[in-house]
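One structure is given here, and the rest of the page talks about it.
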Amino acid sequence: MMRILLTGLILMMAPVLHAGEQRPCSIMLKFGHDKFGPVALYNLTLQTTNRTGRDVSAVSALFFNGDGQLLGNTELSCIGSNGPLGAGSTGECSKLMQTIDGKMMEKFGTETWTAVVNTQLDQLNSIRQCEVIGFRYSEKRKGDKITNSGN
């Protein structure tokens, strides 16, 4: 009986123990194309381990610069090609933070587009740490249509 009670207590505390940890996160710049030309996509990415005991589809996170100054908050999706981040699994959670599209290049030219892309990268690269403050749990398993419940 004591073992069952202790196991239940540990499982209930797992999300609390995992939330609040600061860990490295960063912006990944990816390039693509739309019908107007090149596109720059800035994705905030974070590697995390799901210690909650339930599948996680997203995490709510605060993000900070290298000096520990709070820059903002966002929800990062943890749904990859294999579905939500399973209990006990480690994986990437990410959020598209900004897009600079081909329409801008068409309107202002290559030089201005490149300057804007580099300026945004400099600003967003100040993000160094993320703190997970909550979880969005997945109601369904792999292969099912995914629905979410709050943390």
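Quick rundown of the values:
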{"quantity": "C-alpha center-to-center spacing [segment 23-40, segment 74-98] in angstrom", "calculated": "17 Å"}
{"quantity": "Extension gain, Ser126 back to Ala87 (0.36 nm per residue minus Cα-Cα distance, nm)", "calculated": "10.9 nm"}
{"quantity": "Segment 24-91 shape via C-alpha gyration tensor axes, a/c threshold 1.5", "calculated": "oblate"}
{"quantity": "Sequence-separation-based contact order of segment 24-97, relative, with Cα cut under 8 Å and 6+ spacing, percent", "calculated": "34 percent"}
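Bear in mind these aren't lab numbers, they're just calculated from the coordinates by the rules spelled out. Every value quoted in this text rests on a predicted model; they were computed, and no experiment measured them.
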